Amino acid sequence: MSAQNDAVFLRMFLVILGALVAFTIGILMVAHNVSAELRAKHPDAARVTAQTEARIAPVAQVSIAGQEPLAPPAVVKTGAEIVAQACNSCHMSGILGAPKIGDQSAWEGRLAQGIDSVYLNAINGKGGMPARGGAAGLTDDDVRAAVNDMLANSGLPQ
C-alpha cells in the first residue's frame with residue numbers, strides 16, 4: 001500500500017514539476033518576443049541602454065596591488081574648486097576662529113610661522129579644523145593649492 005502511495009505521489013509531483021517548467025519556458029518566450037518588439041519599435045534602444053548602464057555604474061572599483069588600476073584617474077581640481085568644496089564653510093564666516101578669506105591680517109599672523117607651517121596645519125588639522133578641511137580624499141598638493149588660493153584671495157603672496 002505504501003509503495004502504491006509513493007508511486008501516486010511521485011507521478012503527481014512530476015506532473016506538477018513539468019507544468020511549472022512548461023509555464024516558465026512560456027513566460028521566457030513571451031518576454032523575449034515583447035523585448036524584441038520593443039527593440040524594433042525603438043531603434044535607439046542601444047543608446048538608451050548604454051546611458052542607463054553609465055548612470056548605474058559603480059562609483060569606484062577595487063584595485064589590487066601590482067595590477068593596473070581599474071578606476072580612471074582622479075580629476076585634478078583647481079585651488080578655487082577645492083576651497084569651494086571643503087574650505088568656504090568655515091573660512092568665509094570665521095567659524096571656530098578660522099581666518100576669513102580676505103582678512104589679510106588674520107592670515108599674516110599665521111604666515112609669521114612660515115608657509116610650511118600653514119600647509120602642515122591645513123593637512124594635519126589644528127584646533128577646530130579637521131585634517132584636510134574634513135575632505136579626506138584631498139591630496140597634500142590639493143590642500144596646498146587650496147591654501148594658496150585662500151592666501152591669494154586675501155591679498156597675500158603664496
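The values are calculated or read from the model by the stated rules, or taken from the named source; none is laboratory data. Note that the coordinates shown come from a computational prediction; the quantities given were computed from them, not determined experimentally. Cβ coordinates were reconstructed from backbone atoms using ideal geometry, including for glycine residues, and neighbour counts include every protein chain displayed. To get the accessible areas, we keep the full protein, side chains included, count just its heavy atoms, and leave off ligands, DNA and RNA. Shrake-Rupley method; radii C 1.70, N 1.55, O 1.52, S 1.80 Å.
Comparison of 115, 101, 123 shows that the only residue that is more than 14 Å from residue 85 (Cα to Cα), under 24 Å from the mean Cα position of the chain (by Cα) and of a type in the set (A, V, I, L, M) is 123. Does the stretch 55-73 contain any residue that is assigned to a helix (DSSP H, G or I), modelled with pLDDT of 85 or more, open to solvent by 100 Å² or more (accessible area, probe 1.4 Å) and over 30 Å from residue 139 (Cα atoms)? Checked against the condition, which is being assigned to a helix (DSSP H, G or I), modelled with pLDDT of 85 or more, open to solvent by 100 Å² or more (accessible area, probe 1.4 Å) and over 30 Å from residue 139 (Cα atoms), the stretch 55-73 yields no hits at all. Pairs meeting the criteria (first residue in the stretch 74-103 and in contact (Cβ under 8 Å) with a residue 60 or more places away in the chain and surrounded by 17 or more Cβ atoms within 10 Å (Cβ to Cβ), second residue part of a helix (DSSP H, G or I) and basic (Lys, Arg), beta carbons under 8 Å, at least 6 apart or on different chains) are 86/132. Checked against (1) of a type outside the set (Gly, Ala, Ser); (2) out of contact with any Gly (no Cβ under 7 Å at 6 or more places or on another chain); (3) in a loop (DSSP other than H, G, I, E, B), residue 108 passes all but condition (3). Taking (1) in contact (Cβ under 8 Å) with a residue 12 or more places away in the chain; (2) open to solvent by 70 Å² or more (accessible area, probe 1.4 Å); (3) not β-branched (Val, Ile, Thr) in turn, residue 116 satisfies each apart from (1).
Applying a threshold of 8 Å to beta carbon distances and a minimum spacing of six or more residues, or different chains, the list of pairs starting in the stretch 135-158 at a residue that is over 13 Å from residue 86 (Cα atoms) and ending at one that is open to solvent by less than 20 Å² (accessible area, probe 1.4 Å) and not in a helix (DSSP H, G or I) reads 154/99. With the checklist (1) assigned to a loop (DSSP other than H, G, I, E, B); (2) loosely packed, with under 11 Cβ neighbours inside 10 Å; (3) at pLDDT 80 or above in hand, flag the one item residue 11 doesn't pass. The number of the failed condition is (1). In the stretch 124-145, the qualifying residues are those that are among the basic types (Lys, Arg) and over 16 Å from residue 78 (Cβ atoms), and the one that is modelled with the lowest pLDDT is 126. Of a type outside the set (A, V, I, L, M), in a helix (DSSP H, G or I) and modelled with pLDDT under 85: does that describe residue 89? Answer is yes for this residue.
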